[in-house]
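Student: Below is one structure. I have some questions about it.
The values are calculated or read from the model by the stated rules, or taken from the named source; none is laboratory data. Bear in mind the structure is a predicted one, so any value in this text is a computation, not a measurement. Every residue, glycine as well, gets a Cβ built from its backbone with ideal geometry; the counts of neighbours run over all protein chains shown.
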Amino acid sequence: MERISTGIDGLDAKLSGGYLKGKGILVTGASGTGKTIFALHFIYKSCLDGKKCILIATEEIPEDILYQGGILGLDLNKYYENGLLTIERVFESRSYQADQKKKYGFETEGLDVDLPNLTNSVPEGTDVVVIDNIGVFTLRLTAQDFREQFDVLNYTFNKKGYTTIFIMDDTAYNMTHRIADYSVYGSVKFVVKENPYTDKMERYLSIPKMRSTDILPDVYKFEITSEGIKLNKP
Ligand SMILES: Nc1ncnc2c1ncn2[C@@H]1O[C@H](COP(=O)(O)OP(=O)(O)O)[C@@H](O)[C@H]1O
Ligand SMILES: [Mg+2]
């Protein structure tokens, strides 16, 4: 199976060349652990390689995402302007919907997005999809409903050949009993924790699951620098 670069130095080598093309990866972690930046590396490298990307963003506006990329050496402006990168503003629809509800006292039809509906947001010919963050779609779902919806979405994206990063915040991930792990091809977890010897906070990522890939269940320490995520040498 074809591999596609993660965009992070040193990580492709650990993954026998990168993510599997057309498969879904789940990225989980608490707020501020580095999930969005991790996905921006993937988008940036994919755009560099001429792949058509879409970022479905629920928490940030495109301007903020582009700015964050820019200060980390991941300048996506050119690709956003020439259309290789689409940023779908689910964040704004959500705010709009809440606003309409307040104004008129009822849900505005057509704006309520459920997980499988996200397929309609992805244009033809897309190679890479990042959804940041699927947690917002789980708030009104039981764990079972979430599992069903997520399976449908993941299956549809597989069929269409999209290589996908599903970002999910730890709160939603734990609320749905961590079942999102079962549907996906691979899973990457982010944590920030204190080093008991130095009392300093440190960043780690681990890859507990990557099907079809010979990978040790290791934990990798990393830093976020002005050039983005830098894995510490093993
Ligand atoms: N230029 C930078 N230099 C160092 N650290 C940065 C820089 N920009 C962002 N960060 C760190 O990245 C964190 C946010 O990462 P992000 O990927 O947005 O987290 P998440 O998506 O998991 O909430 C910030 O809290 C900050 O600590
Ligand atoms: Mg984020």
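Student: How many residues are among the basic types (Lys, Arg) and under 16 Å from the mean Cα position of the chain (by Cα) when one looks only at region 145-176?
Tutor: Taking region 145-176 as the starting set, the residues that turn out to be among the basic types (Lys, Arg) are 147, 159-160.
Checking which are under 16 Å from the mean Cα position of the chain (by Cα) leaves us with none.
Looking only at that region, the number is 0.
Student: Looking only at residues in region 196-219 that are acidic (Asp, Glu) and under 21 Å from Ile25 (Cα atoms), which one is surrounded by the fewest Cβ atoms within 10 Å (Cβ to Cβ)? Before you say what the answer is, go through the steps one by one.
Tutor: If we filter region 196-219 for residues that are acidic (Asp, Glu), which is where we start, we get 199, 202, 214, 218.
Pick out the ones that are also under 21 Å from Ile25 (Cα atoms) and you get 214, 218.
On the way: Asp214: 8, Asp218: 12.
Filtering first and then ranking leaves Asp214.
Student: Hey, could you check region 51-81 for residues that are among the polar types (S, T, N, Q) and touching a residue at least 24 places away in the same chain (Cβ under 8 Å) and say which is farthest from ligand 1 (Cβ to nearest atom)? I'd like the intermediate steps shown before the answer.
Tutor: Step one: of region 51-81, the residues among the polar types (S, T, N, Q) are 58, 68, 77.
Applying the additional criterion that residues be touching a residue at least 24 places away in the same chain (Cβ under 8 Å) yields 58, 68.
Numbers: Thr58: 11, Gln68: 7 Å.
Going through the qualifying residues, I end up with Thr58.
Student: For region 1-78, list the helices (runs of 4 or more DSSP H) that sit wholly inside it and hold at least 2 residues that are within 11 Å of ligand 2 (Cβ to nearest atom); which are they?
Tutor: Values: elements: 11-14, 35-48, 62-71.
Counting at least 2 such residues, we get 35-48, 62-71.
Student: Does Lys193 qualify as being of a type in the set (Lys, Arg), within 13 Å of ligand 1 (Cβ to nearest atom) and under 16 Å from Thr33 (Cβ atoms)?
Tutor: no
Student: With respect to Phe222, is the statement that it is buried (at least 22 other Cβ atoms within 10 Å of the Cβ) and either in contact with a strand residue (DSSP E or B) (Cβ under 9 Å, 6 or more places away or on another chain) or modelled with pLDDT under 95 (or both) true?
Tutor: no
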